[in-house]
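Heads up: the structure comes next, in structure tokens.
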Amino acid sequence: MTHADPVGVLTGAHFLDGDHAACEGAICAGARFSAGYPITPSTEVVERFSHRAPKIGATFIQMEDELAASIAILGAVWGGVKAFTVTSGPGFSLMMEHIGYAVMTETPCVFIDVQRGGPSTGLPTLPAQADMMQVKWGSHGDYEIIALCPNSPQECFDLTIKAFNLSEKYRVPVFVMMDEVVGHMTEKVVIPRAEEIEIEPRHFTTQDKSSFQLYAPVGEEQTPEMAKAGDGYKVHVTGLTHDERGYPNMTPAVQERMVKRLVTKIRDNAEKICITEQNEVEGADVVVVSYGITSRVAQRAVEMARAKGLKVGTVRLITAWPFPDHVIRAIAPKVKGFVVAELNLGQMVREVERSVAGKCRVAHVGHAGGTVHKPEEILKAIEEVAR
Amino acid sequence: MSTPICIQKAPENPVESFLRTDRMPHIWCPGCGIGTTVNCFTRALIDSKTDLNKLSIVSGIGCTGRVAGYVNLDSFHTTHGRAIPFATGLKLASPEMTVVVYSGDGDLFAIGGNHLIHAARRNVDLKVICVNNLTYAMTGGQTGPATPLDVITATAPYGTYDPAFNLPYLVEAAGAVYVARWTTFHVKQLAKSMQEMFKKKGFCFIEVVSPCPTLYQRRNKMGDALDTMKFYKEVSKVKHGAPTNEVGLSKSGEIIVGKFVDRERPDFETMMKAHLEASLGEKYIPAEAPTCS
Ligand SMILES: Cc1ncc(C[n+]2csc(CCOP(=O)(O)OP(=O)(O)O)c2C)c(N)n1
Ligand code: SF4
Ligand SMILES: [Mg+2]
């Protein structure tokens, strides 16, 4: 770990919305390249970056579409910089191609998805949390990624830094899964001093040029070291199944070895990667699971339930992927049930059900999006499960 | 007792050091034109004394897309159609690199067509080499955006009836500063054009009309690779500076070759830097060689 480059760190207390805060997070994390294509409600992130970039030695380019934006950042990463792109539902759909490419080529990068109502053009200006499965399963083939869910502008800042750090540590695309409300709500955001911000540097290899292997795993992260174009390593990077040298090798044996590692480097380290926020889980009858903006509405419902004497705990998913199975699994036998609230008609609840494996009840409070839940809807589910 | 035999080591082919020989044999069919273009490319690299540590190659998907995998350079085999936007990111992040895009007609002009015209419009400093075998070869010879009228393809068993793009015309209109076309018969001229292109700043484009004897020529009863060379020799006409709207290809008509466009226009990075410097003055910090703390 090192510390943030002071160039660009706006130390101090600010009044920012989540989109702007995420942009500042990216800058503090060291991002010096972004390519984007405008889409509500995410555009403010790149608007701010386009404003900030020329003053901090960074580059912004507005591309012709999201297909282009999502691979331009990958080209920039292999050119040696930290890079990210930002979008919302319809653009996120177009980016699926390069989630797979980034996973396959182990290109560290960050995608910010400010979720809005779908499917299709849906609700351009209104919230949802309905891309949660798409981020995990939307690109073809087997893969694992990391996805984080901020519930405030401060967390948009903090978790965007975290996203960059994890992407470098595991050479994997990391996703900041915001939603329209968090993106557009304005709150106090504190930006620490540069030396207080921990940064995972890119792990450029110092190995011998003739023997370095771009895809040979190192350490318990099972993650290879990086090289960039122009350093003399003559890297070969391909989306085809490849061996440790990066050379195409389309045999079942290499497929097995390579894809397994892409998946296990995240799965084996899931407990280290996962962050959850737990509150009064000990002794609870009901535990409410939520994430992003919904966690703030759920908090109100939990307070109302506690006022009625119910024993309610909360688990907030800060990491949605990898899913914190171990957290849910440990709680399940000790409670009557979970209530899962989310702005979709049943996505992360499937993961909760899978982890619970029948050990307690799971109630879902879904919502098609467009606005947030009414706390009473969540309260009702809590009461039912507590009964 | 056997007589000792003295085996003389064959003189090393100067092109070999440019190739990932540990990846040979390559996948291309006998008589395929792609290998010929790679040979010209390596010759151009040798003759132009390009610093090979500062040259990257980016390919899309297809038989031509495999070029990136065989050259001993920083090489990127991307997704279908997206070589140009990848190369754009790479170039902007490391402006000191020469970035070559090497891909097929289908990759660059169908699925990647939008990216191509926008990169040309912006005049991003990319050197694009398009191997035009007039078909989607890798997938079995289907109709592509450069397939001429009245030819048989895997998806046009009764012949094609949708008109093809005239690649140089399109690329010139979109803003390229250098546009040339050769066939795989014109190896010397092609290598020379490539050298010229390495030196030119801005969006450069070379179309190489190239045989796919396995699919295109065979299906259209146009003979083998040798017959195709004879055909190219016969129907090609060198016309430097030819108006690009007059150089469209047909199934068996003439092939106008030569350098069509060589003009000056500030490239994307130059425009960006000049503009930001003018607007921001001392506040402007240009993106320098990458730092990645
Ligand atoms: C998104 C996507 N669609 C389709 C394909 C299948 N595909 C592979 S190569 C190719 C055509 C390539 O044609 P061209 O660029 O002309 O290259 P050639 O093989 O002729 O050299 C297609 C359609 C793919 N790989 N990816
Ligand atoms: S299919 Fe055609 S283009 Fe592809 S390698 Fe064979 S001859 Fe070349
Ligand atoms: Mg082709």
- [ ] Determine the shape class of segment A:93-154: with a ≥ b ≥ c the square roots of the Cα gyration tensor eigenvalues, call it rounded for a/c under 1.5, and otherwise prolate if a/b is greater than b/c, oblate otherwise.
- [x] oblate
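I want the local charge near residue B:281. Using Cβ-Cβ distances under 14 Å, sum +1 for each Lys or Arg and -1 for each Asp or Glu among the other residues. Don't skip to the end; give the middle numbers.
On the way: positive: A:55, B:273, B:283; negative: B:277, B:282.
Once all neighbours under 14 Å are counted, the net charge is +1.
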- [ ] Calculate, for segment A:275-386, the solvent-accessible area per residue in square angstrom, rolling a 1.4 angstrom probe over the heavy atoms of the protein chains.
- [x] 40 Å²
Task: Average Cα contact separation per residue, segment B:1-146, under 8 Å, 6 or more apart, as relative contact order % - done: 20 percent
TODO: Whole Å is fine, so just give me how far the alpha carbon centre of segment A:124-167 lies from that of segment B:158-221.
DONE: 42 Å
- [ ] Working from Cα positions, state the angle (0 to 90°, nearest 10) between the long axis of helix A:66-78 and the longest principal axis of chain A.
- [x] 60 degrees
- [ ] List the lysines whose Cα lies under 19 Å from the Cα of residue A:334, skipping any in the same chain that are fewer than 8 positions away.
- [x] A:311, A:359
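At a threshold of 8 angstrom on Cα-Cα distance, excluding pairs fewer than six apart, so keeping six or more, what relative contact order does segment A:293-387 reach in percent? Numbers along the way, then the final one.
Details: 117 pairs, mean separation 34.5, N = 95.
For segment A:293-387, the relative contact order is 36 percent.
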- [ ] Find the relative contact order for chain B and round it to a whole percent, using C-alpha pairs within less than 8 Å whose residues are 6+ positions apart.
- [x] 17 percent
- [ ] Between the alpha-carbon centers of segment A:54-121 and segment A:211-248, tell me the distance in whole angstrom.
- [x] 21 Å
- [ ] Determine the shielding of peptide A:52-65 by partner chains: average, over its residues, the number of Cβ atoms on other chains within 10 angstrom of each Cβ.
- [x] 5
TODO: Please give every one of the aspartates and glutamates within straight-line cross-link reach of residue A:272, meaning a C-alpha to C-alpha distance under 16 Å, and leave out same-chain neighbours fewer than 8 residues apart.
DONE: A:144, A:168, A:200, A:220, A:221, A:325
TODO: Once you've got the GNM for chain A with C-alpha springs shorter than 10 Å, pick whichever of A:247, A:215, A:170 has the biggest mean-square fluctuation.
DONE: A:247
Open item on the list: As I understand it, the value is the acute angle between the Cα axis of helix A:375-386 and the longest principal axis of the Cα atoms of chain A; what does it come to in degrees, rounded to 10?
Closed with: 70 degrees
TODO: Might you report the magnitude of the Cβ-based charge dipole of chain B about its Cα centre, with Lys and Arg at +1 and Asp and Glu at -1, to the nearest 20 debye?
DONE: 340 debye
Task: GNM flexibility winner over chain A from A:241, A:319, A:251 (Cα, springs under 10 Å) - done: A:251
TODO: Give the carbon-plus-sulfur fraction of the accessible surface of chain A in %, rounded to a whole number; probe 1.4 Å, heavy atoms of protein chains only.
DONE: 51 percent
TODO: Just tell me the longest site-free run in chain B, where the sites are trypsin sites (Lys or Arg not before Pro) in a DSSP loop having at most 11 other beta-carbon atoms within 10 Å.
DONE: B:50-220
Open item on the list: Can you tell me how chain B classifies by the Cα gyration tensor, rounded, prolate or oblate, using a/c under 1.5 as the rounded cut?
Closed with: oblate
Task: Gyration tensor (alpha-carbon) shape descriptor, segment A:287-372, a/c threshold 1.5 - done: oblate
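Where both partners of a DSSP beta bridge lie in segment B:16-283, what percent of those bridges are antiparallel, to the nearest 5?
Working: 7 of 36 bridges.
Here the antiparallel bridges make up roughly 20 percent for segment B:16-283.
Please give the calculated 222 nm ellipticity per residue for the protein assembly as shown, where each DSSP H segment of at least 4 residues contributes -39500 (n - 2.57) and the sum is spread over every residue; nearest 500 deg cm²/dmol?
Working: 21 runs with 228 residues, N = 680.
So the calculated ellipticity at 222 nm is -10000 deg cm²/dmol.
Within segment A:207-316, list the trypsin sites (Lys or Arg not before Pro) lying in a DSSP loop whose Cβ has at most 15 other Cβ atoms in a 10 Å radius. Present the calculation step by step, with values, prior to reporting the outcome.
Numbers: sites: A:209, A:228, A:234, A:245, A:257, A:260, A:261, A:265, A:267, A:272, A:296, A:300, A:306, A:308, A:311, A:316; in loops: A:209, A:228, A:234, A:245, A:308, A:311.
Here the sparse-neighbourhood loop sites are A:209, A:308.
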TODO: Let me know the number of lysine pairs in segment A:2-199 closer than 27 Å at the Cα, not counting same-chain pairs under 8 apart.
DONE: 10
- [ ] Would you tell me the mean number of C-beta atoms belonging to other protein chains that fall within 10 Å of each C-beta in B:277-288, as a whole number?
- [x] 3
TODO: Partner chain Cβ atoms within 10 Å, averaged over the residues of B:47-60 - can you pull that number for me?
DONE: 2
- [ ] Check each of the chymotrypsin sites (Phe, Trp or Tyr not before Pro) in segment B:150-193 and keep only those in coil by DSSP with at most 14 other C-beta atoms within 10 angstrom; list them in order.
- [x] B:158, B:161
TODO: Mind checking which lysines have their Cα closer than 18 Å to the Cα of residue A:374? Skip sequence neighbours fewer than 8 apart in that chain.
DONE: A:308
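The values are calculated or read from the model by the stated rules, or taken from the named source; none is laboratory data. As the structure is a computational prediction, the values presented were derived from the model and not from experiment. Cβ: placed from backbone, ideal geometry, glycine included. Neighbour counts: every protein chain shown. Side chains included, ligands, DNA and RNA excluded: accessible areas come from the protein's heavy atoms. Shrake-Rupley method; radii C 1.70, N 1.55, O 1.52, S 1.80 Å.
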